[in-house]
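To start, the structure itself, in structure tokens.
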Amino acid sequence: MIGIFDSGLGGLTAVKELHTLSPGEEIVYFGDTGRVPYGTRSESTIVKYAKQDTAFLLSQGVDAILIACGTVSTTALSTLKQICPVPIIGVVEPAAEAAVRATRNGRIAIIGTSATVRSHAFDREIARLAPNSSTLSVACPLFVPLVENGFTAPDCDITRLTCEHYLAPIRDFGADTLILGCTHYPLIAETIARVLPEVTLISAGAEAARRVVALRGIKPSPSSEIRYYVSDDPTLFTASASLFLGHDLAGQVEKIDIERYGYGIGT
């Protein structure tokens with residue numbers, strides 16, 4: 001059983017990819033919708049939330065955890081690895097490796113939340129893998145609220161104008177590869193691709209899902225069930241989840257009190 005968590009809806013892109021790769025796998029998903037977004041929080045707050053999210057998934061009996069959140073992967077993964085009793089995988093290494101394989105000119109851009117960009121985690125990993133490469137990281141703080149509020153249509157002028165604003169430095173930088181460093185961003189990938197038509201897009205969540213399957217193997221369970229939990233009103237989550245999954249989750253999402261888990265695992 002694999003546990004996946006994110007600050008909200010974005011991790012559903014990883015759920016969809018993982019279910020495609022290993023359709024018999026039982027999955028538990030937690031979206032911390034009551035505290036989204038994580039990307040504007042302090043490091044100490046992000047680590048606290050990540051510990052609580054991890055503690056909840058462990059209480060469900062998972063034997064591996066995928067952090068489908070760029071902010072947590074870049075800010076709290078090293079802490080979680082030290083205290084988590086099961087394998088735990090973030091999005092940075094898989095996405096960086098995919099970007100290094102994809103680039104032709106060695107110029108790789110990264111977009112993410114403010115916390116992800118402040119961490120420079122993607123830049124460091126790319127530099128380790130390809131010392132001669134160049135990177136540019138750009139914070140896109142409005143992308144998550146746009147996705148969470150349903151502004152995902154390719155012809156949405158609000159999202160298009162926001163993309164043009166945030167992505168202009170990447171065009172000027174001459175990147176040929178762009179890491180979508182937040183799992184919300186694939187929902188507006190078509191708009192991003194229209195603004196940067198010659199750039200290869202790398203989905204951090206999808207690459208992390210592939211890494212989980214590669215490292216853990218395919219382990220079908222008797223139920224192959226996907227369970228969904230959130231920390232706020234399930235109806236709000238359900239209304240938007242179909243954008244990520246392509247099907248309705250009505251009646252399948254349960255609210256939990258994440259604060260019951262105190263300061264989480266390892267405290």
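The values are calculated or read from the model by the stated rules, or taken from the named source; none is laboratory data. Fair warning: this is a prediction, and the values are worked out from it, not measured in the lab. Every residue, glycine among them, receives a Cβ derived from its backbone with ideal geometry; neighbour counts consider all protein chains shown. Surface accessibility is based on the protein's heavy atoms, side chains included, excluding ligands, DNA and RNA. Shrake-Rupley method; radii C 1.70, N 1.55, O 1.52, S 1.80 Å.
Taking segment 180-206 on its own, how many of its residues are over 14 Å from G10 (Cβ atoms) and either aromatic (F, W, Y) or buried (at least 17 other Cβ atoms within 10 Å of the Cβ) (or both)? Walk me through how you get there before you give the answer.
So in segment 180-206, the residues over 14 Å from G10 (Cβ atoms) come out as 190-202.
Add one more test, that the residue is either aromatic (F, W, Y) or buried (at least 17 other Cβ atoms within 10 Å of the Cβ) (or both), and what stays is 191-192, 195-196, 199-202.
The total comes to 8.
Would you say S73 is closer than 18 Å to S224 by Cα, of a type outside the set (K, R) and crowded, with 19+ Cβ neighbours inside 10 Å? Can you show your working first?
Numbers: closer than 18 Å to S224 by Cα: no; of a type outside the set (K, R): yes; crowded, with 19+ Cβ neighbours inside 10 Å: yes.
Answer is no for this residue.
Every residue, every condition in (1) polar (S, T, N, Q); (2) part of a helix (DSSP H, G or I), yes or no:
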residue: T191; (1), (2): yes, yes
residue: I202; (1), (2): no, no
residue: E207; (1), (2): no, yes
residue: S242; (1), (2): yes, yes
residue: A250; (1), (2): no, no
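Got a sec? Which helices (runs of 4 or more DSSP H) wholly within segment 1-77 have at least 1 residues that are among the charged types (D, E, K, R)?
Values: elements: 12-21, 43-59, 70-75.
Here the list reads 12-21, 43-59.
Could you check A55 against (1) farther than 20 Å from F237 by Cβ; (2) crowded, with 22+ Cβ neighbours inside 10 Å and say which number it fails?
Unmet for A55, out of (1) farther than 20 Å from F237 by Cβ; (2) crowded, with 22+ Cβ neighbours inside 10 Å: (2).
Six or more apart or on different chains, Cβ under 7 Å: which pairs go from a residue in segment 1-26 that's within 20 Å of T152 (Cβ to Cβ) to one that's among the acidic types (D, E)? Could you list them?
Short answer, once both residue conditions are applied: S7/D32; G8/D32; G8/E148; L9/E148.
For D32, indicate whether it is more than 21 Å from E93 (Cβ to Cβ) and in contact with an Asp or Glu (Cβ under 8 Å, 6 or more places away or on another chain).
Details: more than 21 Å from E93 (Cβ to Cβ): yes; in contact with an Asp or Glu (Cβ under 8 Å, 6 or more places away or on another chain): yes.
So D32 fits the description; yes.
Could you please find all residues in segment 152-161 being assigned to a helix (DSSP H, G or I) and either open to solvent by 20 Å² or more (accessible area, probe 1.4 Å) or not polar (S, T, N, Q) (or both)? Let's see the steps before the verdict.
Residues of segment 152-161 assigned to a helix (DSSP H, G or I): 157-161.
Within segment 152-161, D157, I158, R160, L161 qualify.
Within segment 208-223, is even one residue modelled with pLDDT of 95 or more and among the basic types (K, R)? Full working, then the answer.
First pass over segment 208-223, keeping only residues modelled with pLDDT of 95 or more: none.
There is no residue in segment 208-223 that is modelled with pLDDT of 95 or more and among the basic types (K, R).
Identify, please: which residue in segment 121-138 is modelled with pLDDT of 95 or more, over 16 Å from P169 (Cβ atoms) and not charged (D, E, K, R) and is, among those, least open to solvent (accessible area, probe 1.4 Å)? Steps first, please.
Initially, segment 121-138 is screened for residues modelled with pLDDT of 95 or more, giving 122-138.
Filter once more, so that each one left must be over 16 Å from P169 (Cβ atoms): 124-133.
Applying the additional criterion that residues be not charged (D, E, K, R) yields 126-127, 129-133.
Working: I126: 0, A127: 51, L129: 61, A130: 22, P131: 104, N132: 154, S133: 29 Å².
Per the criteria, the residue is I126.
Conditions tested, residue by residue: (1) aliphatic (A, V, I, L, M); (2) under 20 Å from I67 (Cα atoms); (3) in contact with a Pro (Cβ under 7 Å, 6 or more places away or on another chain).
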| residue | (1), (2), (3) |
| --- | --- |
| A168 | yes, no, no |
| A175 | yes, no, no |
| C182 | no, yes, no |
| A189 | yes, no, no |
| Y229 | no, yes, no |
| F237 | no, yes, no |
| S240 | no, no, no |
| D248 | no, no, no |
| G251 | no, no, no |
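Pairs needed: first member in segment 187-199, without any contact (Cβ under 8 Å) to a residue 60 or more places away in the chain; second member anywhere, basic (K, R); C-beta distance under 8 Å; at least 6 residues apart or different chains.
T191/R160; R194/R160; V195/R160; V195/R171; L196/R171
Give me a count of the residues in segment 9-22 that are open to solvent by 50 Å² or more (accessible area, probe 1.4 Å) and either more than 14 Å from R227 (Cα to Cα) or among the small types (G, A, S) (or both). Reasoning before the result, please.
Quick first cut of segment 9-22, residues open to solvent by 50 Å² or more (accessible area, probe 1.4 Å) only: 16, 19-21.
Now drop any that are not either more than 14 Å from R227 (Cα to Cα) or among the small types (G, A, S) (or both), which leaves 20-21.
Matching residues across segment 9-22 total 2.
Considering segment 165-179 alone, what residues qualify as being within 30 Å of F237 (Cα to Cα) and surrounded by fewer than 15 Cβ atoms within 10 Å (Cβ to Cβ)? Steps first, answer last, please.
Step one: list which residues in segment 165-179 are within 30 Å of F237 (Cα to Cα), which gives 165-167, 178-179.
Of everything in segment 165-179, just one residue is within 30 Å of F237 (Cα to Cα) and surrounded by fewer than 15 Cβ atoms within 10 Å (Cβ to Cβ), namely H165.
Among the residues of segment 104-120, count how many are buried (at least 20 other Cβ atoms within 10 Å of the Cβ) and among the polar types (S, T, N, Q). If you could, list the steps in order and put the result at the bottom.
First, pick out the residues of segment 104-120 that are buried (at least 20 other Cβ atoms within 10 Å of the Cβ): 108-113, 115-117, 119.
Then drop every residue that is not among the polar types (S, T, N, Q), which leaves 113, 116, 119.
Counting residues in segment 104-120 that are buried (at least 20 other Cβ atoms within 10 Å of the Cβ) and among the polar types (S, T, N, Q) gives 3.
For segment 23-36, which residues satisfy the criterion of being open to solvent by 10 Å² or more (accessible area, probe 1.4 Å) and within 12 Å of the chain's Cα centre (by Cα)?
If we filter segment 23-36 for residues that are open to solvent by 10 Å² or more (accessible area, probe 1.4 Å), which is where we start, we get 23-24, 26, 33-36.
Passing the criteria: none in range.
Of the residues S134, S119, S73, only one is over 25 Å from R210 (Cα atoms) and not hydrophobic (A, V, I, L, M, F, W, C); which? Spell out the reasoning first.
Details: S119 fails: over 25 Å from R210 (Cα atoms); S73 fails: over 25 Å from R210 (Cα atoms).
None of the other options fit; the residue is S134.
Any idea which of G112, G106 is touching a Cys at 6+ places or on another chain (Cβ under 7 Å) and not polar (S, T, N, Q)? Lay out the reasoning, then the answer.
Numbers: G106 fails: touching a Cys at 6+ places or on another chain (Cβ under 7 Å).
Among G112, G106, only G112 is touching a Cys at 6+ places or on another chain (Cβ under 7 Å) and not polar (S, T, N, Q).
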